[in-house]
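Take a look at the structure set out below.
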Amino acid sequence: MLDPFVESHLNLQVKISYNEHHDFLIRHNLLKCTQVLDVGTGNGTFLKRLAQDHPNIHFVGIDKRRQCVDSCQNMLAKNLDVMQVDMFSKKIIMDFSRFDGILMRYFLLHVDHAQKILELFKLNSKRPSRFWIIDLDWSQFTCEPHSETFDKLTSLVKDFCSKISVDSMGGQKVLPLLQKLNFEKITSENLPFSTRTISIEELALYLRQEVLCYSRMSGRAASDPETSEILRFIDEDFRSGKFQISYGMILLYAELN
Ligand SMILES: C[S@@+](CC[C@H](N)C(=O)[O-])C[C@H]1O[C@@H](n2cnc3c(N)ncnc32)[C@H](O)[C@@H]1O
């Protein structure tokens with residue numbers, strides 16, 4: 001099973017973003033699809049809500065981790081299946097040509113060969129097929145007015161990403177990659193997590209959990225002074241409304257015809 005802390009963080013992330021991300025899918029042809037694949041489905045919380053909202057579409061979630069697939073078992077439905085598949089495995093048993101919709105939500109940035117994944121779909125997916133890529137975009141991670149403690153928060157995230165070979169600016173690089181591979185009808189929107197759409201309490205909780213996750217995964221001790229300073233900044237300065245934080249998110253749509 002997944003770590004309960006990671007599980008609750010994934011659930012909060014879906015709670016604060018489902019409406020806007022769902023709206024993006026609807027505005028970009030979800031309703032024209034009959035078979036949708038969710039690559040790197042995690043604990044499946046986002047996919048479960050999609051499947052409940054669209055009983056006439058069949059959804060399949062895949063993830064390379066057994067714990068993720070296990071944690072999805074209690075949400076399987078007539079229109080929702082989950083399978084353990086590693087996109088980089090030499091022997092992928094999955095037939096991608098049955099899907100006319102492919103969702104990659106917080107997935108491409110978490111692998112170090114985004115181009116390989118897109119090439120695989122270019123070679124194997126159905127025509128027409130629709131692609132939605134939703135990911136973090138730290139080039140749009142901002143704080144107004146400037147705060148040195150916020151800079152420490154961005155460094156924490158970037159340090160962790162470089163440790164696990166993830167490109168923290170990867171969100172910006174997907175669009176030219178789609179163009180290079182001749183995907184069509186590419187559109188991109190920036191929809192950051194901010195107090196424009198999320199309550200200050202929920203955004204503060206989300207940022208707090210992000211910091212704890214990244215700090216822990218970077219191997220810092222629970223008493224790490226820099227982590228404590230960042231948490232105090234979120235709990236006091238951000239919560240009191242002194243700062244506006246925008247947590248960058250890029251939403252991309254493309255087609256193969
Ligand atoms: C950040 S989670 C995204 C969860 C979910 N899509 C969401 O929107 O909340 C990224 C997921 O991608 C999965 N993953 C990473 N590399 C993978 C690969 N090569 N094949 C399949 N899944 C992979 C991880 O196990 C993880 O669950």
Check which residues have an amide H placed less than 5 Å from Leu80's amide H, if you skip close sequence neighbours.
Phe59
What are the ³J(HN,Hα) values, in whole Hz, obtained from phi via the Karplus relation 6.51 cos²θ - 1.76 cosθ + 1.60 with θ = phi - 60°, for each residue of the stretch 13-28 in sequence order, with x given for Gly and Pro?
4, 6, 4, 7, 10, 4, 4, 5, 6, 4, 4, 4, 5, 5, 5, 10
First select every other residue whose beta carbon is under 12 angstrom from the beta carbon of Glu255; then total the charges, Lys and Arg +1, Asp and Glu -1.
+4
Which angle from 0 to 90°, rounded to the nearest 10, does the C-alpha axis of helix 200-217 make with the longest principal axis of the chain?
90
Can you give the FRET efficiency for Thr142 and Glu202, using 1/(1 + (r/R0)^6), R0 = 30 Å, r = Cβ-Cβ distance, to the nearest 0.05?
0.95
Note the full-extension length gain between Asn257 and Glu7 as 0.36 nm times their separation in residues minus their Cα-Cα distance, in nm to one decimal.
86.3 nm
In nm, to one decimal, how far is the modelled label at Lys78 from the one at Asp224, with both set 7 Å along Cα→Cβ?
4.8
Of Asn190, Asn74, Asn29, which is the most mobile in a GNM of the chain whose springs link Cα atoms less than 10 angstrom apart?
Asn74
Cβ-Cβ cut-off under 10 Å around Leu191, Lys and Arg +1, Asp and Glu -1: the net charge is -3
Please give the helix 170-180 orientation as an angle from the longest Cα principal axis of the chain, in degrees from 0 to 90, rounded to the nearest 10.
30
Could you compute the net charge surrounding Lys152? Neighbours are other residues with a C-beta less than 9 Å from the C-beta of Lys152; K and R count +1, D and E count -1.
-4
Kirkwood Rh in Å, taken over all unlike Cα pairs in the stretch 15-161:
16.6
What ratio of Cα Rg to 2.2 N^0.38 Å holds for the chain?
1.02
Taking Cα atoms, the helix 148-163 axis meets the longest principal axis of the chain at an angle in degrees (rounded to 10) of 40
Note down the nm distance, to one decimal, between modelled labels 7 Å out along Cα→Cβ at Ile92 and at Met217.
2.2
Please compute the modelled spin-label separation between His22 and Lys180, points set 7 Å along Cα→Cβ, answer in nm with one decimal.
3.6
Taking 8 Å as the Cα distance limit and 6 or more residues as the minimum spacing, I'd like the relative contact order of the chain as a percentage.
22
Order these by the 10 Å Cβ neighbour count, fewest first: Thr34, Thr45, Thr142.
Thr34, Thr142, Thr45
Go through Pro55, Phe24, Ser199 and say which Cα lies farthest out towards the positive end of the charge dipole of the chain; charges sit on Cβ, +1 for Lys and Arg, -1 for Asp and Glu.
Pro55
Could you sort out which of Lys116/Lys173; Lys15/Lys242; Lys32/Lys64; Lys32/Lys126; Lys122/Lys158 sit more than 19 Å apart by Cα distance in this structure?
Lys15/Lys242; Lys32/Lys64; Lys122/Lys158
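Laboratory data are not the source of any read-out in this text; all were calculated from the coordinates shown. Predicted, not measured: the structure shown is a model, and the values here were computed from it. Cβ atoms come from the backbone with ideal geometry, glycine included; neighbour counts cover every protein chain shown.
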